[in-house]
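The values are calculated or read from the model by the stated rules, or taken from the named source; none is laboratory data. The model shown is predicted, which means the values in this text are computed figures rather than measured ones. Counting neighbours? That spans all protein chains shown, and the Cβs are built from the backbone with ideal geometry, glycine included. The accessibility values were calculated without ligands, DNA or RNA, using every heavy atom of the protein model including side chains. Shrake-Rupley method; radii C 1.70, N 1.55, O 1.52, S 1.80 Å.
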Amino acid sequence: MKSLASDLLRSVLLTLVLAVVCCGLYPLAVYAGAHLLFRAQSEGSLIYAADGVTVRGSRLLAQNFSSDRYFAPRPSAAGTGYDATSSGGTNYGPTSAKLAGDIKDLVAGYRKANGLSESDPVPADAVTRSGSGLDPHISLANAALQAPRVARTRGVPLRAVTAAIAAATDPRDLGVFGEAGVNVLVLNVALDRAAPIRQP
């Protein structure tokens, strides 16, 4: 009986010690380390508006921009579009008629929005939805085709918009993986900072 009581006491004490270490000290150490070493990432990689106070979003998540003043992100199928609580793609297969029709409509819309002819090629990322629906990047080719529209609508020189694209371009991962991409939210916020929208 004495052995059972001591075994039970040891088990309870060990459970309490592990609970304190695993549920308290370890998460606290991870939080503190992340906050000290990777502060921006641990706080959500937030991007602020031109006023420096208002949060516009996270550099990790796409947002919808429909005005001609802004660069358009990659199309989204997350929820009703760009919904971070419903991340996901269309799940249509390559032989899907619905997918083909969707891409055809997106191509027509992209050409019209950017003043392209019916024979001009359109970058694939401009008319296909990413697997998450929240991809924050567009290709350099996509950004270059949208630049004249944005410059014209904002009334700024094209070279200024091109410079903003270069500043918002993230390089390939580790210099070798993937492709360089333009972060649309970073780019649009930078353009607003350079030339804030005047309220009527």
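Here is how the numbers come out for the structure above:
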| quantity | calculated |
| --- | --- |
| Some residue of segment 11-23 being in contact with a helix residue (DSSP H, G or I) (Cβ under 7 Å, 6 or more places away or on another chain) and open to solvent by less than 70 Å² (accessible area, probe 1.4 Å) | no |
| Residues of segment 165-177 satisfying the condition of being within 16 Å of the chain's Cα centre (by Cα) and part of a loop (DSSP other than H, G, I, E, B) | Ala168, Pro171, Arg172 |
| Filter result for Ala100 (more than 19 Å from Asp68 (Cβ to Cβ) and either of a type outside the set (Val, Ile, Thr) or open to solvent by less than 30 Å² (accessible area, probe 1.4 Å) (or both)) | yes |
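Table: residues versus (1) of a type outside the set (Val, Ile, Thr); (2) assigned to a loop (DSSP other than H, G, I, E, B); (3) touching a residue at least 24 places away in the same chain (Cβ under 8 Å).
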site: Arg111; (1), (2), (3): yes, no, no
site: Arg129; (1), (2), (3): yes, yes, yes
site: Asn142; (1), (2), (3): yes, no, yes
site: Arg149; (1), (2), (3): yes, no, yes
site: Ala163; (1), (2), (3): yes, no, no
site: Leu185; (1), (2), (3): yes, no, yes
site: Asn188; (1), (2), (3): yes, no, yes
site: Leu191; (1), (2), (3): yes, no, yes
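Each row is one residue, and each column tells you yes or no for (1) closer than 21 Å to Ser76 by Cβ; (2) open to solvent by 40 Å² or more (accessible area, probe 1.4 Å); (3) among the charged types (D, E, K, R); (4) within 21 Å of the chain's Cα centre (by Cα).
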site	(1), (2), (3), (4)
Arg111	yes, yes, yes, no
Pro121	no, yes, no, no
Gly131	yes, yes, no, yes
Asp135	yes, yes, yes, yes
Asn142	yes, no, no, yes
Val184	yes, no, no, yes
